[in-house]
Each structure stands twice: as C-alpha cells, then as structure tokens.
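Input: a single structure, listed below in structure tokens.
All of the numbers you see were taken from the coordinates with simple rules; none came from a lab. Model, not experiment: these values are computed from the prediction. Reconstructed Cβ throughout: ideal geometry from the backbone, glycine too, with neighbour counts over all protein chains shown.
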Amino acid sequence: MVEDYGNTAAVNGADARRFDIKLMAEPLELSWHHCGVTSDFIGEYFSRACDGSVDPVDARHSISYMINEILENAIKFRKGGNIDITGSLEGGTFEILIRNLIDAHTAESFKAHLATLLKREPGELLLERIEENALNPDSTGSGLGILTLMSDYEAKLGWSFASGHVSEGVELTTYASLRLS
Amino acid sequence: MEISTNDYRVWTEGSTIHYEGTMRLSGTDAYAPILEAMNSILAAKPELITLDLTSLQFLNSSGINLLAKFTIEIRKQPDVGVRVLGSKSIPWQSKSLRNLQRLHPALELTIS
C-alpha cells in the first residue's frame, strides 16, 4: 500500500542532470558527519552546474540546507538500513529524493503530523512551533526543519509511505524541490 | 567564555556573543551548553545584547531553534535590548533571521 502526502510528483524529467548516492548504515555520530559532508558536496556539485541566471552562492546554500534537514530526519528516524539519495537539476529546478526505512509506529505518527501541518500556512506554524518549543524545556527535537524549508526557502515537499509486511517496516520517500534564483 | 570545536566557535566579549563556522549539532541537548553560555550573559541584564552571526556560515534548524528560544527569553525582559548582526553574503541569514524579529519586534536586525 502507498500513501502520499504533499507534492510527490517528480518535477524533473529524463533529461535532467542527475546522480545517485547511497549512505550506508553507520553509527549515529558517523552518519551525522556524513549528513553534513553529503549535503555540502551535492550543493557544491549542482550549484556549479547551474546556468548564469542562478546565483551560485545562494544555490549552493539552499541545496545544502534542504538536503541536510531531510537527511538529519532520515538518520534520526530510520529503522536501520541504507539511505538512497537521488539529486537532479533541470531548468533551474533542483530536486532531491531521499529514501529510507522507518518502523510502522514512526510512520503513523509522522503521517498524523503531516496531515496537520499541510493544512496550515507554514510561516505561521513555524512561529507557533518555536513558541511551543520555548515553553517545553524537555522537548529534544525542534521540528523546525520541514517548516523552515517550506516557509523560508519556499521548497515543495512530499512524502510517500510504501508498506507491505509490518515487520519489514515502511519505505519512506521524501520528495523536495527548489526553484533556484 | 569560549566553546570551540573543529567546526565552530562561540565566544563572548562583554555582552556580545560571537558565532563562527558551521553549526549542525544534533538537537536541543547538543545545543544546551551554548544556550547556557548565552543565558549567562542575559542573567547579568545588560542594556543591550548583541548576537554577531556575521561569520556563521551554516546553522541547521535545531540551531535556528536555539536563537529563537533565546530571543523569547530576552523578550521576557523588557529592559534588555537585543541586536542581531548578519551578513548578506551568507544566504541562510537573509532567509531565516527575520523570524526572530517576528517573535520579538523590538529586536534590531542588521544584515549588511
């Protein structure tokens, strides 16, 4: 069964410049380091591939920030296993697909979170979430990654949950695209 | 006060807090020592606290949460002013720092 939330249609076509990276399952600390290095590498690679109408400094940063935030979530919430990353660029639009496995319980709570989030204006929700975090000193995660991407970067995001047998977990594909300027 | 790693450095000079490098810490707990250092400046109730971010190349969303949380702490103390210095050449600052001003309209934001 597949359940989609947000924008899950691939934006870039067959002619896009693209490449794939696979991050192997490693201990958290090493994965966290790989997350930063991978985001910076993809940002650097694609910002140099943009045409002259795009500001390469802004493109490099925006791509890197977007991938870093989605990869941080993939690393924090994955149910072991590798993380597959496909980046592509076509006509000034950068798109990333990040695929990893999560357990069924994490999938259900994330779906409920997305259903609420997608009904709201992200900038407004971002401020609400910040105020809530400030009131709750025990909260460990900020939950601001997705909201900053939508509000501050105008990224288009989507999530596809594919599940078969419960014990195998749920395959989550996160779609994210940015119009570079 | 100074907190320094291979990736970033945070230090204070009077009531100015400087940030430098790339901060991608893993969450609220990891940022706690930095927040503690920032709160110790606020505890002295200076007239003006300056956050100098002009050398902070990258900050993840957990780090943005740290700045936002501190802004809310300052907002509770009407006698303490706050000024945030950013750089136009560092893209995240033009995109995300305005949120601090939305949280605390008296915050003075200069991105130059």
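Only Cα pairs within less than 10 Å get springs; with that Gaussian network setup on chain A, which residue of A:45, A:65, A:153 has the largest fluctuation?
A:45
Would you kindly derive the ³J(HN,Hα) couplings of the range A:150-166 from the backbone phi angles with the Karplus curve 6.51 cos²θ - 1.76 cosθ + 1.60 (θ = phi - 60°), listing them in order in whole Hz, with x for Gly and Pro?
Ordered by residue, 3J(HN,Hα) equals 6, 7, 8, 10, 6, 6, 9, 10, x, 9, 10, 9, 10, 10, x, 6, 3 Hz.
Go through B:42, A:1, A:123 and say which Cα lies farthest out towards the positive end of the charge dipole of the protein assembly as shown; charges sit on Cβ, +1 for Lys and Arg, -1 for Asp and Glu.
About the Cα centre, the residue reaching furthest to the positive side is A:123.
Would you mind pulling out the separation of the Cα centroids of the range A:77-122 and the range A:6-59, in Å?
15 Å
Put a dot 7 Å past each Cα toward the Cβ at residue A:48 and residue A:131; how far apart are the dots in nm?
Using points 7 Å along Cα→Cβ, the separation is 4.6 nm.
Enumerate the whole-percent occupancy of each 5 Å bin, from 0 to the last occupied one, for all C-alpha pair distances of chain A.
1, 8, 16, 20, 21, 17, 11, 4, 1, 0
Would you work out the relative contact order for chain B, in percent, from Cα pairs under 8 angstrom that are 6 or more residues apart? Write out the running numbers ahead of the final one.
Working: 187 pairs, mean separation 26.2, N = 112.
The normalised contact order for chain B reaches 23 percent.
Using modelled amide H (1.01 Å from N, peptide plane; none on Pro or chain starts), what sits under 5 Å from the amide H of residue B:81, excluding residues fewer than 5 places away?
B:48, B:49
In percent, what relative contact order does chain A have, based on Cα pairs under 8 Å that are 6 or more apart in sequence? Can you show the working numbers first?
Values: 294 pairs, mean separation 58.4, N = 181.
Across chain A, relative contact order equals 32 percent.
Rounded to the nearest 0.05, what FRET efficiency do residue A:165 and residue A:138 give with R0 = 35 Å and r taken as the Cβ-Cβ distance? Could you check? Mind dumping the intermediate values first?
Working: r = 35 Å, r/R0 = 1.01.
It comes to 0.50.
Can you give the mean number of other chain Cβ atoms that lie within 10 Å of the Cβ atoms in peptide B:51-63? Mind dumping the intermediate values first?
Details: counts 0, 0, 0, 0, 0, 0, 1, 7, 1, 11, 16, 9, 2.
So the per-residue partner count for this stretch is 4.
Of A:71, A:114, A:135, which is the most mobile in a GNM of chain A whose springs link Cα atoms less than 10 angstrom apart?
Highest fluctuation of the listed residues: A:135.
For the range A:67-126, which trypsin sites (Lys or Arg not before Pro) are in a loop by DSSP, counting at most 14 other Cβ atoms within 10 Å?
Details: sites: A:76, A:78, A:79, A:99, A:111, A:119, A:120; in loops: A:78, A:79, A:119, A:120.
Those that pass, being in a loop and sparsely packed, are A:119, A:120.
Treat the count of other C-beta atoms within 10 Å as a stand-in for reagent exposure and order A:159, B:11 from fewest to most. The partial results should precede the final answer.
Numbers: A:159 21, B:11 15.
Ranked by crowding around the Cβ, least crowded first: B:11, A:159.
Taking the alpha-carbon distance from residue A:22 and a cut-off under 24 Å, which lysines remain once sequence neighbours fewer than 8 residues away in the same chain are dropped?
Result set, ordered by chain and number: A:76, A:79, A:156.
Run through the DSSP bridge list for the range A:73-177 and note the antiparallel percent, rounded to the nearest 5. Spell out each step's value before the answer.
Numbers: 23 of 23 bridges.
Taking every DSSP beta bridge within the range A:73-177, about 100 percent pair in antiparallel fashion.
If the label point is 7 Å along Cα→Cβ of residue A:111, which residues in the range A:161-176 have backbone nitrogen under 19 Å from it?
A:161-175
What order, most packed first, do the peptides B:63-71, A:125-133, B:77-85 have when packing is the mean number of other Cβ atoms within 10 Å of each residue?
On the way: B:63-71: 23.4, A:125-133: 18.2, B:77-85: 15.6.
In decreasing order of mean packing, B:63-71, A:125-133, B:77-85 become B:63-71, A:125-133, B:77-85.
Kindly write out, for the range A:83-92 in residue order, the coupling ³J(HN,Hα) from the Karplus curve 6.51 cos²θ - 1.76 cosθ + 1.60 (θ = phi - 60°), rounded to whole Hz, with x marking Gly and Pro.
Running phi through 6.51 cos²θ - 1.76 cosθ + 1.60 with θ = phi - 60° gives 10, 9, 10, 10, x, 8, 9, 8, x, x Hz.
Work out the FRET efficiency for residue A:104 and residue B:83 from their Cβ-Cβ distance, taking R0 = 45 Å, and round it to the nearest 0.05. Present the calculation step by step, with values, prior to reporting the outcome.
Values: r = 48 Å, r/R0 = 1.07.
Efficiency for this residue pair is about 0.40.
Using a Förster distance of 22 Å, how high is the FRET efficiency between residue B:98 and residue B:55, based on the Cβ-Cβ distance and rounded to 0.05?
On the way: r = 20 Å, r/R0 = 0.90.
For R0 = 22 Å, the calculated efficiency reads 0.65.
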